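Structure, as structure tokens:
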Amino acid sequence: MATLFKNFLAVDGEMAEGRYCSLRVEDGRITAVADKLAALPGDEVVDGERRMAIIPGFVNAHTHAAMSLLRGIGEEAPLMEWLQKKIWPAEANLTREHIYWGTMAALLEMAACGTTAFADMYFEMDAVVEASLEAGMRCAACRGIVGGERGKFEEGLRLAETWKAHRDMITVQLGPHAPYTVPLQLMQEICAAAAERAMGVHFHFLETEWELSYLRDELKMTPKEYLESSGILAAPYGILAHCVWLDAETVGAVDFSRMAIAHNPNSNLKLGSGVMDLTGLGGKTKKIALGTDGAASNNRLDIWGEMRCAALLHKGIRRDPMALSACDALRMATFEGASALGFKKKGLLKEGWVADLVLVDLDQPHYIGIGTENAAPFLVYAGSSADVYATMVNGAWVYRDRVFPGMDSEKILAKAGEMRTDLLGR
Ligand SMILES: [Zn+2]
């Protein structure tokens with residue numbers, strides 16, 4: 001089954017300018033990009049009539065999808081109080097069924113916002129992977145490891161074994177939650193296992209200022225010493241979520257080449273955790289992706305929103321309108337995210353690359369004036385995920401014109417509501 005997209009304004013995070021062109025998609029790949037392409041027999045032809053943009057799918061590089069069931073609880077409380085009093089007690093009662101339907105609800109939300117892949121740290125991860133495969137979405141899955149129990153670590157290893165045949169759609173990382181929730185010795189074992197098994201690692205690092213004092217007072221370490229002694233830098237790849245309190249000097253002083261940072265600006269702002277030094281860290285590593293974190297702290301699962309927030313926020317913080325360009329923000333939201341999750345050849349509109357695509361409806365007042373030369377800034381600053389017309393993963397539609405071909409959206413909404421009531425009584 002092949003799809004021919006014609007008369008689209010194409011733009012990705014590496015193109016200096018947008019381009020009106022056609023793309024052919026076959027067997028999940030972009031097989032041709034040209035000014036004009038003729039339809040072949042059997043092609044599904046989608047004509048953008050120069051009133052639609054085509055961009056790579058967004059990647060959510062850090063979330064806890066099933067937390068969609070916990071949205072709105074414990075609002076406007078400090079992180080540790082929010083976790084200890086609201087989130088962790090609710091999570092203690094989560095079952096596999098809650099997590100399956102909570103993830104499904106999150107997948108509806110993400111697909112409609114143009115997200116094609118997400119990195120998820122949670123528990124009952126088989127249910128998360130099953131939901132992702134049913135929905136047709138890519139997932140980088142890791143079993144969150146909290147405390148010193150080896151069982152959760154072993155579950156993470158087993159998860160990789162179970163899903164290894166689905167490597168094109170599912171990658172698996174080891175998920176030690178954070179330096180303050182996992183004993184250092186277990187963290188070292190986890191990182192050593194990741195290096196040995198060529199697995200990635202996904203963890204929360206320096207989300208709040210308090211974690212700096214934890215490292216200093218409890219572990220008697222600087223962030224540099226922790227990164228080095230935990231062994232995480234030797235993992236084949238890693239997603240370090242947040243890094244709000246990580247400084248450019250530390251990153252410059254260690255071998256950070258395999259690590260990606262998942263920048264979660266809206267969640268960090270909402271929890272009052274601070275703002276990551278993107279401009280400083282960006283000078284040391286280009287591998288900065290965007291995440292939403294869970295819906296209970298954001299409260300959206302909308303990478304387009306993160307992209308716009310990041311592009312504006314760092315200009316304001318640095319008092320520099322060039323601090324983060326629209327094109328770089330788009331690259332972070334797409335290509336950098338895909339690479340961080342361990343997916344190859346995804347996130348750019350190039351021949352031979354994976355067909356994870358988003359179609360954007362430009363036939364709206366806020367796009368009057370969009371053209372090849374200003375396509376990325378228009379999308380980042382004027383656009384929003386409300387403009388997503390369709391989302392394609394691996395050459396197949398997961399969302400198109402308010403319909404989800406692989407998901408029974410009515411049933412998912414009803415079941416997720418039931419799960420929420422079951423869990424929280426409201
Ligand atoms: Zn998180």
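Observations on the model:
- By the count of other C-beta atoms within 10 Å, a proxy for reagent exposure, L290, L362, L424, L37 are ordered fewest to most as L424, L37, L362, L290.
- For the pair Q185 and T279, a Förster radius of 35 Å applied to the C-beta separation gives a FRET efficiency near 0.45, rounded to the nearest 0.05.
- Among E76, E130, the order by Cβ neighbours within 10 angstrom, fewest to most, reads E76, E130.
- Full-extension gain in nm, R50 to R158, via 0.36 nm per residue minus C-alpha separation: 34.1 nm
- Beta bridges per DSSP with both ends in the chain, % antiparallel, nearest 5: 40
- Stretching E209 away from H366 to a fully extended chain increases their span by 52.6 nm, per 0.36 nm per residue minus the current alpha-carbon distance.
- Computed FRET value (nearest 0.05) for E81 with A38, which takes r as the C-beta separation and R₀ as 51 Å: 0.25
- Cα centroid separation, the stretch 319-355 to the stretch 130-173 (Å): 24
- Helical runs (DSSP H, four residues minimum) scored at -39500 (n - 2.57) apiece and divided by the length of the chain put the mean residue ellipticity at 222 nm at -9000 deg cm²/dmol.
- Taking 7 Å steps out from each Cα toward its Cβ at E134 and E225 produces label points 4.9 nm apart.
- Chain lengthening between D408 and W88 when straightened (0.36 nm per residue, less Cα-Cα): 112.2 nm
- Sorted from longest to shortest, the spans of the Cα atoms of the stretch 58-340 along the three principal axes equal 47, 41, 38 Å.
- Cβ crowding within 10 Å ranks I317, I145 as I317, I145, fewest other Cβ atoms first.
- Three-way shape label, the stretch 57-175, alpha-carbon gyration tensor, a/c 1.5: oblate
- Measuring between alpha carbons in the structure, the pairs from K6/K315; K36/K344; K85/K270; K270/K350; K85/K415; K85/K315 lying more than 29 angstrom apart are K6/K315; K270/K350; K85/K315.
A short reminder: the numbers here are calculations on the coordinates, not readings from a lab. None of these values were measured; they are calculated from a predicted model. Glycine gets a Cβ as well: all are built from the backbone with ideal geometry, and neighbour counts include every protein chain shown.
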